[in-house]
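A short write-up of the structure that comes next.
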Amino acid sequence: MMKYKGYVGKVEYDDAAKLFHGQVIGLKDIITFQGTSVKEIEKAFKDSIDDYLAWCKERGEKPEKSYSGNVRLRMDQDLHALLALEAAKQGISLNDLINKKLRR
């Protein structure tokens with residue numbers, strides 16, 4: 001994984017083509033890049049992000065971000081009640097409780 005300006009790129013190596021190829025993940029827009037060395041793939045990744053941001057600016061559009069920090073989560077009603085009760089006992093929000101548990 002590679003990171004640049006808040007975007008994350010996933011890179012794979014194609015042994016038959018002797019080529020690294022990657023894609024920015026977490027977007028509806030498709031941003032790809034490729035190179036024949038680590039140095040080339042890093043540069044291609046950064047250039048692709050910069051090109052995407054410039055393209056959005058030219059079109060007057062707000063660029064997508066890889067991860068917004070918002071996740072929709074569905075759970076069993078009993079689990080929801082149990083977690084909400086635990087959060088209330090700790091004096092924190094349900095969101096904070098879930099983040100706390102996920103970090104552990």
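Structure notes:
- Inside region 48-88, residues that are within 30 Å of Asp29 (Cβ to Cβ), in a helix (DSSP H, G or I) and either of a type in the set (Asp, Glu) or in contact (Cβ under 8 Å) with a residue 60 or more places away in the chain (or both) make up a count of 3.
- Every residue from region 1-27 that is more than 11 Å from the chain's Cα centre (by Cα) and not in a strand (DSSP E or B): Lys5, Asp15, Ala16, Ala17, Lys18
- Single residue of region 22-78 satisfying the filter (over 13 Å from Lys10 (Cβ atoms) and of a type in the set (S, T, N, Q)) that is surrounded by the most Cβ atoms within 10 Å (Cβ to Cβ): Thr36
Any read-out appearing in this document is the output of simple, stated calculations on the displayed coordinates, not a laboratory observation. As the structure is a prediction and not an experimental result, all values here were calculated from the model. Virtual Cβ from ideal backbone geometry, glycine too; neighbours counted across all protein chains shown.
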